[in-house]
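Derivation of every value follows stated rules applied to the coordinates shown; laboratory data play no part. Treat the numbers as computed from the prediction; the structure is a model and nothing was measured. No Cβ is skipped: glycine too gets one built from the backbone with ideal geometry, and neighbour counts run over all protein chains shown.
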Amino acid sequence: MSQLVLIVEDERDLLATLEYNLKREGYRTRCAASGRDAIAAALGPDTPDVVLLDLMLPDIPGTEVCRTLRANERTRSVPIVMLTAKTDEVDRVVGFEVGADDYVAKPFSIRELLLRIRAILRRAKPAPESGNEGVHDLGQLKLDISAHRTWVDGEEVVLTALEFRLLKTLIERRGRVQSREVLLTDVWGVSAEVTTRTVDTHVKRLRQKIGSAGAYIETLRGVGYRFAQDVPEERPRGAVTS
Ligand code: CA
């Protein structure tokens, strides 16, 4: 079945344009023109694969919708792309802090948005894997790649899809410095909107969330970030050491 996009937008013309273009690209769509309808639609039986979320809605702000979806088990890892007229860096940071995965400022080109959606869905697609594969047990930190879950000292920490991908990328390349540009390309996907400062904002946020394990992510000033090489790793039983 094709992927489902939930479009949350109160401007009727834009909503219709988005719906038309997404359908033409082969996506299934569901539309909501208010925050409450959006939450009801997202938490319904058919969980969307991605949510396009307008920030300024008539009833509750898009940030509130985002928080609600992040707090719910069903929707916490569904990628959210915020649509907004605000281009201010502050608003962008707020959007990311409440758990948005990407940010598109109006007016945007439909083509650009479609590319972003495609990139996000490609990244969100779980890799075909089985059993223990994809479990990282590093010092205080544990990541289950296929289940998309993170624990610090045995306590589960809820990360957004983007934060999780950022952490996973750093871990998979542990000991190697990743420049902001490389992280932007590999974690965010090519995008005109996000800047290297976005990487810093996310790393900061990620470190706060994972608490004491945040120290594993090292900053190399002027260069980028690196997941520390010397974190002891416990290999899952049966795993092949390469
Ligand atoms: Ca609006």
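Protection proxy ranking, highest mean first, for peptides 21-32, 41-52, 220-231, 161-172: 161-172, 41-52, 21-32, 220-231, where packing is the per-residue count of other beta-carbon atoms within 10 Å, averaged. Among the lysines of the chain, pairs that are 8 or more positions apart or on different chains and have alpha carbons within less than 25 Å of each other number 12.
Relative to the longest principal axis of the Cα atoms of the chain, helix 196-209 runs at roughly 70 degrees.
Once you have a ≥ b ≥ c as the square roots of the Cα gyration tensor eigenvalues for the chain, tell me rounded if a/c is under 1.5, and otherwise prolate or oblate according to whether a/b is larger than b/c. Prolate shape, in that a/c is at least 1.5 and a/b is the bigger ratio. The percentage of C-alpha pairs in region 4-124 whose separation is greater than 25 Å is 11%.
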